[in-house]
Amino acid sequence: MHTTTAPFTLRVWKEGEGYERRTGWHGTSTEFGEITVLLPRAAFADTLTSEVRGGRIPSARFSASGLHTQVMTRPSLNGARLTVADATVYMTRNRWALTHRGRSLRLRCMGDSYRLTAVGRKEYELTRERDSEDPGATVRVRQSGMGKGRRLTISVTGRALGADITLAALFGAVDRAVLTRRGAVRAGFARAFGFYGESAH
């Protein structure tokens with residue numbers, strides 16, 4: 001179902017204690033109901049998984065595996081696997097491109113083509129590409145605030161699908177640094193020094 005979507009906010013959220021503690025974002029869209037974004041349960045793991053759940057949107061899981069995850073708190077786009085409603089989403093990107101648009105992550109989900117583009121370090125756009133039957137839509141997500149005041153503000157241009165909202169919210173719990181050249185360089189140094197620190201002990 002395509003629908004016009006009012007802007008909404010997901011605020012920082014947590015539940016449980018100890019190893020069972022989960023953190024992430026939670027809020028309500030007028031059109032799509034309650035939405036919860038779950039960050040990975042534990043750091044220093046071989047696999048990091050972020051999730052999205054909601055009553056009127058498809059669920060999704062984004063997982064990244066490899067040695068690099070042991071020095072990260074969120075899954076990165078490297079070594080990643082994404083499923084929406086248990087269906088695999090295929091992802092590609094040009095890591096050598098010079099512009100934000102050129103470095104966009106391309107996705108194929110439920111028959112639709114998407115493009116995830118960095119606007120800045122804390123802001124990004126998810127665009128469902130137009131086709132012969134659909135003009136497409138763009139979801140912009142902006143992270144702001146500090147501590148308990150952190151939030152994701154989500155706004156939509158065009159008529160959104162549930163999958164649009166799922167994917168846009170999910171990438172708020174993913175390390176998107178490599179979508180910008182500067183971020184990719186910072187992420188590379190962080191991983192390198194992290195590995196050095198681990199090997200020095």
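The values are calculated or read from the model by the stated rules, or taken from the named source; none is laboratory data. Everything quoted here is computed from the prediction, not taken from an experiment. Methodologically, a virtual Cβ is constructed for each residue, glycine included, from the backbone with ideal geometry; neighbour enumeration extends over all protein chains shown. Side chains included, ligands, DNA and RNA excluded: accessible areas come from the protein's heavy atoms. Shrake-Rupley method; radii C 1.70, N 1.55, O 1.52, S 1.80 Å.
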For this session: Calculate how steeply helix 181-199 sits against the longest principal axis of the alpha-carbon atoms of the chain, using the helix alpha-carbon long axis, and give the answer as 0 to 90 degrees to the nearest 10.
Result: 40
Problem set entry | Only Lys, Arg (+1) and Asp, Glu (-1) charged, at Cβ; the chain dipole about Cα centre in debye | 780
Problem set entry | Most fluctuating residue given options G27, G162, G149, as computed from a GNM of the chain linking Cα atoms under 10 Å | G149
Exercise. Each residue of the stretch 29-38 in turn: what ³J(HN,Hα) in whole Hz from Karplus with 6.51, -1.76, 1.60 and θ = phi - 60°, glycine and Pro shown as x?
Worked result: 9, 4, 8, 10, x, 5, 9, 10, 10, 9
Exercise. Debye sum, Cα scatterers, the chain, no solvent: what log₁₀ I/I(0) at q = 0.08, 0.12 1/Å?
Worked result: -0.26, -0.59
For this session: Between the alpha-carbon centers of the stretch 1-28 and the stretch 71-131, tell me the distance in whole angstrom.
Result: 20
For this session: Note down the accessible area of M91, probe 1.4 Å, to the nearest 10 Å².
Result: 50
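Tell me the carbon and sulfur percent of the accessible area for the chain, rounded to whole percent, probe radius 1.4 Å.
Carbon and sulfur together cover 51 percent of it.
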Problem set entry | Heavy-atom accessible area order for E17, E34, E125, largest first, 1.4 Å probe | E17, E34, E125
Problem set entry | Cut-off under 5 Å, modelled amide H: who pairs with E129 long-range | S113, Y114, R115
